[in-house]
Structures are given as C-alpha cells and as structure tokens.
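Chemist: Just dropping this structure here.
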Amino acid sequence: DVKVTQSSRYLVKRTGEKVFLECVQDMDHENMFWYRQDPGLGLRLIYFSYDVKMKEKGDIPEGYSVSREKKERFSLILESASTNQTSMYLCASRLPDTSGGNQPQHFGDGTRLSIL
Amino acid sequence: QKEVEQNSGPLSVPEGAIASLNCTYSDRGSQSFFWYRQYSGKSPELIMFIYSNGDKEDGRFTAQLNKASQYVSLLIRDSQPSDSATYLCAVNNFEYGNKLVFGAGTILRVKS
C-alpha cells in the first residue's frame, strides 16, 4: 500500500510566521502535489512537482512556495502566514501518468493549519 | 477554466438502497475519471477510476462514464450507514498537465 505521511495533523501558528508543512511518500512516486481544502470550495491545487527539483504552480500559488530536494519529500512553505491561509492542507503522490492518464493520486492524512 | 460539477447534497438514502452520485465536467479533452470517498476530518481515499465509456464494477460500486454527455456517475448498491461520507469526483486532463480537477463533492447520508 502507498503511504503518504504528513508531518503534523494539527498545527497552530501566528500571522507573519514562516510555516513548513512536510510530506513524505514511500512508493518512489515521481509526482507530488499540495492542495488546500476549504468548505464549499473543494480541493484546490497549490503546487505540484513532476520530479526532484521540479515544481509547477497550481491554481492558487500566491503566498506559498515549495521544495523538492529528494524524491520522497515535498515541502510546502507559507512565507508569511496570514489568517486566510487557515485551512486543511493535503499532500498527494502518484506515479507518472501514461498517455491514458489513469494513475490515481494517493493522499496523506492532511494537516489542519490554524493561523491566529 | 476546467470545471467539474457535483450536486452538494446532502443525498439521503435508506439503508439497502442504491445511491446514485453524479458528476459533469466541462472539458471534452478529459481522459480519466476518479471517485474518492472522504469521511469527515479525514483525507480522500480512492474508490474507483474509469477511462472508457460504459460501466466499471467493483464490489458494491459501479462507475459509469459517458464522454459524449460529459457525465460520470457512481452507483453504490446495498448502501450501508458506513457509506455516509462526501464523495469527490476528479477529472484528469492529459493536456492540462496531468492535473486532477476536483468537484466540490456530494454529501451522502445513509439512514438505518
């Protein structure tokens, strides 16, 4: 079974702090993703990475950055946390898609982040 | 803008009934379709995926895809209270960088 591990289930930080969310997968997946999930808005893609040292912006990258120095680890960074970044953050990984695009994403347990 | 639409619900069905969850998508180039189940406070877990027109069955679950109508559905037979959750439809578009676009989810409640 795929195991995607997020470093914290719950996190409370203050506005202006630099926040690091860590994600590790154990299946040698090339692709990794960071989403945030808010009530009524569903999952929104923040950043993704096709492979080590590669990163691409998703739909809502403002206020975030990422790091992928090793294949198994994908970090999300909130440069200066703000209250509107209070949310559930979900990390996912998958094998590279074939032309059929049928590789599923596997999610970690999520980090519920509160910015005070 | 790639869009995936789901009725937010809640959809309430009695135990033992068939629950039918629907999803429409806007981009005709979409190629793969996924259903995830998410319990309250938990992360999404994959139930099924489908990429060919027609039906695909896995136990009590059947995914149905109609690319001409841009419509995908999930049927849950013999619904159980443990099926109560939010069901997320996700669509993959190879030309959209292989990214998934998620619907906002349908809340299903199975009443015993």
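The values are calculated or read from the model by the stated rules, or taken from the named source; none is laboratory data. As the structure is a prediction and not an experimental result, all values here were calculated from the model. We place every Cβ from the backbone using ideal geometry, glycine too, and count neighbours over all the protein chains shown. For accessibility, only protein heavy atoms count, side chains too; no ligands or nucleic acids. Shrake-Rupley method; radii C 1.70, N 1.55, O 1.52, S 1.80 Å.
Chemist: Just the accessible area per residue of region A:1-98, please: how many Å² with a 1.4 Å probe?
Modeler: Values: 4860 Å² over 98 residues.
It amounts to 50 Å² per residue over region A:1-98.
Chemist: Given the alpha-carbon gyration tensor of region B:39-103, what are the semi-axes of its equivalent ellipsoid in whole angstrom, ordered largest first, with each equal to the square root of 5 times an eigenvalue?
Modeler: Over the Cα atoms of region B:39-103, the ellipsoid semi-axes are 22, 17, 9 Å.
Chemist: Let me ask you something else. Scaled to the compact-protein estimate 2.2 N^0.38 Å, what is the alpha-carbon radius of gyration of region A:18-57, rounded to two decimal places? Don't jump to the answer; show the numbers that get you there.
Modeler: Working: Rg = 11.8 Å, N = 40, 2.2 N^0.38 = 8.9 Å.
Here the Cα radius of gyration is 1.32 times the empirical estimate.
Chemist: A further question follows. Going down the table (A:K13/A:K57; A:K57/B:K56; A:K3/B:K99; A:K57/B:K99; A:K53/B:K42; A:K55/B:K67), which pairs top 22 Å between alpha carbons?
Modeler: Pairs exceeding 22 Å: A:K13/A:K57; A:K57/B:K56; A:K53/B:K42; A:K55/B:K67.
Chemist: How many square angstrom of accessible surface are buried between A and B, both sides summed, with a 1.4 Å probe and rounding to 100?
Modeler: Working: alone 6410 and 6150 Å², together 10740 Å².
Summing both sides, the interface buries roughly 1800 Å².
Chemist: Which whole-Hz couplings ³J(HN,Hα) result when phi for each residue of region A:31-47 is put into the Karplus expression 6.51 cos²θ - 1.76 cosθ + 1.60, θ = phi - 60°, listed in order with x for Gly and Pro?
Modeler: 8, 9, 9, 10, 10, 10, 10, 10, x, x, 10, x, 8, 10, 7, 8, 8
Chemist: What Kirkwood hydrodynamic radius do you get for the protein assembly as shown when you take the inverse of the mean 1/r over all pairs of distinct Cα atoms, in Å?
Modeler: By the Kirkwood definition, the hydrodynamic radius is 18.1 Å.
Chemist: Further question: Evaluate peptide A:105-111: per residue, the Cβ atoms of other protein chains within 10 Å of its Cβ; return the mean as an integer.
Modeler: Averaged over the peptide's residues, the number is 4.
Chemist: Over 5 Å intervals from 0, what percent of Cα-Cα pairs in region A:5-71 sits in each interval?
Modeler: 4, 14, 23, 27, 22, 9, 3
Chemist: Going by amide H atoms built from the backbone, whose H comes under 5 Å of the H on B:K99, apart from near neighbours?
Modeler: B:N93
Chemist: For chain B, what mean projected area does the convex hull of the alpha carbons give, in nm²?
Modeler: Values: hull surface 26.5 nm².
Its average projected convex-hull area is 6.6 nm².
Chemist: Starting from a Cα-only point model with no solvent, please compute log10 I(q)/I(0) by Debye for chain A at q = 0.09, 0.14, 0.17, 0.19 1/Å.
Modeler: Cα-only, vacuum Debye calculation for chain A: -0.22, -0.52, -0.77, -0.96.
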